[in-house]
């Protein structure tokens, strides 16, 4: 199926066009137009940051940039100040300009990935499809990129823009020719404002400190922190009991310190543990288990087809595609990180679908269940499942997590039905073990 979309963008230094990641995601063919120019110019994607919904594209044709002045970036606009959003809402042919008031500056969920939270600025200007990727201006400088808003009756007249600290971080990250992405501490924490709790922990009555709730074992902080620790400062910035720090003259949430750092940077903590003061430092990195709970773009999904049975690793995209009702599956998804389920199940392998054939009749009750073992061998990854199903065996006994009898497959019957199933359902490849670039064509148009 061929889809088509439209968004906005703006030229910055270096003949680069900035827009949203969701404007160019999964694109196969990309064109841009200049305001007032009837020509379409083929473009290519330079960098995509799905975690902060930003992208850089460029046009090879020198005619595109003639008499065009790159826009400059400004700072964070003040609350109650006026900004103007530029774009092509609902695909209009003429540029639209809407004005609004800056009403909030704080951390918000970036819906493109669904798992990342970064600094965002709420404005009252109308943001509609087609505005995405367009500049939000103040005093002739870009102070943000329009990227998401509310629809329906949730919150009318409320929209968000990606602010310049996030934009500048993205531009700095790609300065070495690749995008490494945001780093994360891999922990959750809570406020420490209750006097009785502070007294129990032996803390001073100085309004400092947050308590660590969970530490992700695959994250950078697992080497020095554990649940129950109290964080008193981060990189010499005292942490208030409400989780905020003073950073460059602003009172911001503690993660903002990490937001401005990059892969392999270090962060230092002052830690209160067992009523003793200590310190520690960690090298920052991404936290891979989080990725399972976020959207993925520009890649083919991983899968294995065997005997008409489709096995796939659990992911947010899988949840949204199949809408499973099984509470066990929902538990594995919701608690994958916080309960450290990824330690035993790097991949949670789900039997998502069945391509009907005489060899797999009556197996429908197993659809949506999680693979535990095959012939007594625990299955931890999709590669292990594929390898095990490739080994010689008289039969495959597939045990699912939970109660119920195992699923039985006869390898000889599977082999005899292989070409029949491939032909009937147009199965080009029986497995895709690594995420491959998506080849689905999509004509996508960006306006400037």
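The values are calculated or read from the model by the stated rules, or taken from the named source; none is laboratory data. What you see is a predicted model; the values in this text were computed from it and never measured. Heads up, the Cβs are rebuilt from the backbone with ideal geometry, glycines too, and the neighbour counts pull from every protein chain shown.
Can you work out which of the residues in the stretch 349-379 that are free of Cβ contacts under 8 Å to residues at least 40 places away in the same chain and under 23 Å from the mean Cα position of the chain (by Cα) is nearest to residue 288 (Cα to Cα)? Per the criteria, the residue is 349. If you go through the stretch 1-47 and keep only what is touching a helix residue (DSSP H, G or I) at 6+ places or on another chain (Cβ under 6 Å) and surrounded by 24 or more Cβ atoms within 10 Å (Cβ to Cβ), you end up with just 7. Taking the listed residues 225, 185, the one that is buried (at least 17 other Cβ atoms within 10 Å of the Cβ), out of contact with any helix residue (DSSP H, G or I) (no Cβ under 6 Å at 6 or more places or on another chain) and under 18 Å from residue 283 (Cα atoms) is 225, with no other qualifying. Among the residues of the stretch 10-60, those that are over 21 Å from the mean Cα position of the chain (by Cα) and on the phi > 0 side of the Ramachandran plot comprise 14, 15, 36. Output the residues belonging to the stretch 273-293 that are within 27 Å of residue 110 (Cβ to Cβ) and not in a loop (DSSP other than H, G, I, E, B). Once the filter is applied, which keeps residues that are within 27 Å of residue 110 (Cβ to Cβ) and not in a loop (DSSP other than H, G, I, E, B), the stretch 273-293 yields 282, 283, 285, 288, 289, 290, 291, 292, 293.
Among the candidates 276, 312, 293, the residue that is assigned by TED's automatic domain parsing to the domain that holds residue 337 and either closer than 30 Å to residue 366 by Cβ or surrounded by fewer than 20 Cβ atoms within 10 Å (Cβ to Cβ) (or both) is uniquely 312. The stretch 148-243 holds strands (runs of 3 or more DSSP E) entirely within its bounds, and those carrying 3 or more residues that are under 30 Å from residue 82 (Cβ atoms) and in contact with a strand residue (DSSP E or B) (Cβ under 8 Å, 6 or more places away or on another chain) map to 159-163. Looking across the stretch 68-101, the residues that are free of Cβ contacts under 8 Å to residues at least 60 places away in the same chain and under 26 Å from the mean Cα position of the chain (by Cα) come down to 89, 90.
Would a scan of the stretch 23-40 turn up a residue that is in contact with a strand residue (DSSP E or B) (Cβ under 6 Å, 6 or more places away or on another chain) and free of Cβ contacts under 8 Å to residues at least 60 places away in the same chain? No, the stretch 23-40 contains no residue that is in contact with a strand residue (DSSP E or B) (Cβ under 6 Å, 6 or more places away or on another chain) and free of Cβ contacts under 8 Å to residues at least 60 places away in the same chain. Candidates are the residues of the stretch 69-96 that are more than 24 Å from residue 259 (Cβ to Cβ) and modelled with pLDDT of 90 or more; the one that is surrounded by the most Cβ atoms within 10 Å (Cβ to Cβ) is 86. Regarding residue 296, is this residue part of a loop (DSSP other than H, G, I, E, B) and in contact with a helix residue (DSSP H, G or I) (Cβ under 7 Å, 6 or more places away or on another chain)? When the stated conditions are applied, residue 296 passes them.
Only a single item in (1) in contact with a strand residue (DSSP E or B) (Cβ under 9 Å, 6 or more places away or on another chain); (2) within 19 Å of residue 297 (Cβ to Cβ); (3) in contact (Cβ under 8 Å) with a residue 60 or more places away in the chain is not met by residue 114, and it is number (1).
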